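Some notes on the structure that comes next.
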Amino acid sequence: MRQAGKKYRPVIKETPQSSEPIRGRGASWSPGNRFEKLHVDLGDVDVVDVDLDDEPPSAASATYGVPGERPRRATQFFRDGSKTIITRNNSPDVGFETSVNPYRGCEHGCIYCYARPTHEYLGFSAGLDFESKIMVKTHAAELLRAELESPRWKPQVLVMSGVTDPYQPIERKLRITRGCLEVLTKFRNPVAIITKNRLVMRDVDLLRELAACNAAAVNISVTSLDAKLQHILEPRTSPPSARIETIQQLRSAGIPAGVMVAPIIPGLTDHEVPKILEACSQAGAQFAGYTIVRLPWAVAPLFEHWLNEHFPDRKEKILGRIRDLRGNGRLNNSQWRTRMTGEGIFAEQIASLFEVGCRRAGIGERPKLSTAAFRRTREQLTLL
């Protein structure tokens with residue numbers, strides 16, 4: 001665990017090269033990787049190899065969308081060579097011990113995503129690279145089958161994903177998450193899903209089969225009901241109305257479903273908490289949870305720059321509230337037991353707002369999933 005007093009200091013002090021957001025992206029620049037000594041911002045006009053001023057309008061439009069628009073970063077996908085698929089943690093804050101992440105990086109592009117710095121371990125940036133250079137675990141289902149088949153596996157709830165969204169756009173084509181769910185269904189191992197994408201409904205057949213064994217639950221993350229805010233905050237996610245409709249469809253299919261009001265951003269989305277809970281309750285949400293926005297490492301400067309681009313008039317208020325919530329005068333505090341909920345008067349107000357909102361909306365507790373139906377797909381050899 002990182003010490004609370006330690007502060008993110010980039011290797012290279014730099015001013016963001018971008019001054020305008022990029023359509024379809026959360027981040028508009030790539031801050032230096034804290035593990036690398038050399039950094040080149042591919043959004044820098046001195047690095048882009050095509051001069052828009054020298055291109056005829058038609059060519060510029062075909063390449064960049066409209067004449068003069070900043071170059072759009074195309075998404076690239078890379079094969080991930082991981083040898084295992086089940087990740088374990090000992091954090092008292094997250095509520096689960098094991099998880100499966102079919103992807104590393106996330107094209108959803110949520111600007112606040114606490115997982116952005118994980119891309120730095122791959123030599124990438126937490127900025128544009130995180131949402132445009134995606135690692136895909138093509139053999140995830142085979143790895144999962146082998147780990148569940150092992151006698152060392154003790155049946156327990158697996159969470160998908162916990163780090164990046166298992167239903168980000170490329171899943172529609174690659175179907176890696178579905179492959180993992182097929183394995184979990186064969187073993188009847190309980191799974192809890194967290195997603196912002198209505199694509200989860202594609203796999204309702206598998207989820208229904210698991211739910212019949214009390215072995216499935218889906219958490220739909222809703223940050224805001226404001227579609228305009230959602231579009232710039234989480235640019236490639238399903239709109240709020242689609243997420244609420246997904247809760248309704250899951251419940252109609254007999255699948256336990258709830259809402260994660262996450263993350264709550266004080267000064268920007270905190271006032272929406274009661275409305276989100278009410279809307280999701282009306283759609284059938286049975287349970288709810290929340291977290292406070294976390295800004296570890298490079299996420300802090302990325303979020304600050306995003307506020308400059310979209311909410312310059314509210315920037316200081318929002319950042320001030322976050323600093324108060326963190327209790328250390330900084331934008332992040334990684335201390336266990338407070339990092340998800342914050343501390344101080346604003347944290348208490350948000351906790352009370354959430355609790356009252358759940359009570360008024362009639363939202364109950366999260367269901368306890370069962371491992372009673374777990375089965376291995378073949379008989380294990382035993383020595384007589």
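The values are calculated or read from the model by the stated rules, or taken from the named source; none is laboratory data. In this text the structure is predicted, and so the values were computed from the model without any measurement. Calculation scope for accessible area: heavy atoms of the full protein, side chains included, ligands and nucleic acids excluded. Shrake-Rupley method; radii C 1.70, N 1.55, O 1.52, S 1.80 Å.
Values for this structure:
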| quantity | calculated |
| --- | --- |
| Taking only Cα atoms of the range 173-267, radius of gyration then Dmax in Å | 14.0, 46 |
| Space enclosed by the convex hull of the alpha-carbon atoms of the range 64-209, per residue, Å³ | 126 Å³ |
| The range 237-384, relative contact order in percent, only Cα pairs under 8 angstrom and at least six apart counted | 26 percent |
| Out-of-range pairs (alpha-carbon distance over 28 Å; input Lys154/Lys368; Lys133/Lys275; Lys133/Lys368) | Lys133/Lys275; Lys133/Lys368 |
| Accessible area (Å², 1.4 Å probe, nearest 10) - Ser352 | 60 Å² |
| Accessible area of the range 203-330 belonging to carbon and sulfur atoms, whole % at 1.4 Å probe | 47 percent |
| 25 °C / 0.890 mPa s Stokes-Einstein diffusion coefficient of the range 290-331, Kirkwood radius on C-alpha pairs, µm²/s | 232 µm²/s |
| Amide H within-cut-off set for Val222, under 5 Å, with H built and near neighbours excluded | Met260, Val261, Ala262 |
